[in-house]
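What follows draws every value from the coordinates through simple rules; no lab data is involved. All values reported here derive from a predicted model rather than from experimental measurement. A quick note on method: Cβ atoms are made from the backbone with ideal geometry, for glycine too, and the neighbour counts reach across all protein chains shown.
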Amino acid sequence: MFPTAFRIPFIERDIPGYGLMLMIGFLLAVGWAARRARKSHGNPEVVLNCGFVALIAGVVGCRGMYVVHYWDQFANRGSLGGIIWAIVDVSKGGLEFYGGFILSVILVPLWLRVFEKVSLRWYMDILAPSAALGLAIGRIGCLANGCCYGSTCEQPWAISFPFGSSASVEQWKHRIPGSSLPKELLVTLPPGVTTPITRESIAAGDAEIAAAEANEKAARETYSKAREELTKADAAAKKPLEQKVNDARNKLERAVGQFRDIRINMAKYGLSAAQIRTLAAQYRSLSVHPAQIYSTITAGLLAWLLHLMYWRRTRDGQIILLLLLVEPVSRYVLEIVRADNPVDALGVFTISQALGIAMSGLAALGLVALQFSAPRSRLAVEWTPEPEAAPAK
């Protein structure tokens, strides 16, 4: 796992491995589609525009589906501001592929028809192999982040994740044999909920934890002074001081929450952060199926096959429909070995399996209907770049 790929020097900004792989996947996918468009006399600028539409739709759709699917994780954040921040914070993952995929399949064709006014079938075929490539590379980001993990597995190729990973925490919550943790790695927070120390707190350095303690102490002093000023102020001066108290309270809440779990256990058990980190390193997750790698392999192979078939298609629209037909089948099989998605659709399927069945069915009907349409759309006109202006004499 590489939740943080690297830290930008000077500004001390962490770049998450998950987001880095999404960016790489997006750039490679768009570049590959633009190259395919240029080679088949399509307009690369149309592809670039569609790429940005798909990027926005992908992030919004993936996050939106995850929030709806796991709303209980967001509803208990307390204030409205806390809920909104939890929804928009995607730095730690929390995206469901089909949400973004479905929204992209809706918005990209609309963009092509309404704004670009080009052949819908042709350009969707150009984009289809790149969509599979983007998924393949994005799953490497899932591996780096530790999400989308598989069920327990004893095969030679099984992998395990560090303490604090999603696999480790969920295995402990479900009391899977062999997943127990020592008391020093468990913390009880209000309102009496016991949970493992988070991976962010385990990864924090001694200097960061010391700074968090100093920030909390300073925030408490500021809050106490603000309240004292408020109690002594007359009625005319109370309103601006009330805002000052609220700001100080919010700052204190943020300071208290920073690495709170590990700081509680350091004080409770008389351990240093380094000792807790050493202990945590001994408790990895149970071995699981490398579901992310499975997905990377299948999506990568699908991208390559769709690219080859693009040059052999007999009708525009075949490649995008093949993507919608085949990818859900591979996802259905993958869901069998994944452990992070509950079986909550009709009591038989995961939500991704249910959506996949619907998509494959619609794609199969589309392939049949395509046989009764013209091989090429009337809008499938070859693009020629405008000639360069002659240099001024």
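Observations on the structure shown:
- A Förster distance of 35 Å, applied to the separation of the beta-carbon atoms of Ile8 and Ser272, puts the FRET efficiency at 0.80.
- In this structure, the amide hydrogen of Val187, modeled 1.01 Å from its nitrogen in the peptide plane, lies closer than 5 angstrom to those of Thr195, Ile197, counting only residues at least 5 positions away or on a different chain.
- In this structure, Ile176 and Ala392 have a Cβ-Cβ separation that, at R0 = 56 Å, corresponds to a calculated FRET efficiency of about 0.15.
- Residue among Ala274, Ile11, Ser377 farthest towards the positive dipole end of the chain, charges placed on Cβ: Ser377
- Given in Å, the Rg to one decimal and the Dmax to the nearest whole number for the Cα atoms of region 132-285 are 21.0, 73.
- On the basis of the beta-carbon distance and an R0 of 22 Å, Leu189 and Asp340 show a calculated FRET efficiency of 0.40.
- Summary value for region 93-232: 12 percent relative contact order, contacts being C-alpha pairs under 8 angstrom separated by 6+ residues.
- Here the Kirkwood formula puts the hydrodynamic radius of region 119-204 at 16.0 Å, using every distinct Cα pair.
- Highest-fluctuation residue, Ala211, Ala248, Ala237 considered, GNM on the chain with Cα pairs under 10 Å: Ala237
- Footprinting exposure proxy ranking of Lys244, Lys217, fewest other C-beta atoms within 10 angstrom first, gives Lys217, Lys244.
- Straightening the chain between Ser160 and Trp311 buys 50.3 nm, computed as 0.36 nm per residue apart minus the Cα-Cα spacing.
- Using a Gaussian network model of the chain in which every pair of alpha carbons under 10 angstrom is joined by a spring, one finds that among Ser151, Ser272, Ser285 the greatest mean-square fluctuation is at Ser272.
- Sequence-separation-based contact order of the chain, relative, with Cα cut under 8 Å and 6+ spacing, percent: 21
- Cα shape, region 267-393, gyration tensor, a/c 1.5 rule: oblate
- Between the alpha-carbon centres of region 35-72 and region 161-210 there is a gap of 35 Å.
- Estimated translational D of the chain in µm²/s (Stokes, Kirkwood radius over Cα pairs; 10 °C; 1.306 mPa s): 65
- Unsatisfied cross-links (Cα-Cα over 29 Å) in the set Lys217/Lys238; Lys173/Lys268; Lys173/Lys244; Lys244/Lys268; Lys238/Lys268: Lys173/Lys244; Lys244/Lys268; Lys238/Lys268
- Net length gained if the chain between Val114 and Leu230 were fully extended (0.36 nm per residue, minus Cα distance): 36.0 nm
- Relative contact order of region 180-280, taken over Cα pairs closer than 8 Å and 6 or more residues apart, is 41 percent.
- Ranking of Met23, Met65 by count of other Cβ atoms within 10 Å, fewest first: Met23, Met65
- Partners for Lys117 among lysines (Cα-Cα distance below 22 Å; same-chain residues under 8 apart left out): Lys39
- Neighbour-count order for Leu367, Leu120, fewest beta carbons within 10 angstrom listed first: Leu367, Leu120
- Rounded Å value of the spacing that divides the Cα centres of region 119-157 and region 319-381: 15
- Screening the chain for whole DSSP H helices of 18 Å or more along their axis (Cα) with average Kyte-Doolittle hydropathy at least 1.6 returns 97-111, 318-337, 351-370.
- Note on the chain: GNM, Cα springs under 10 Å; of Arg284, Arg378, Arg260, the largest mean-square fluctuation is that of Arg378.
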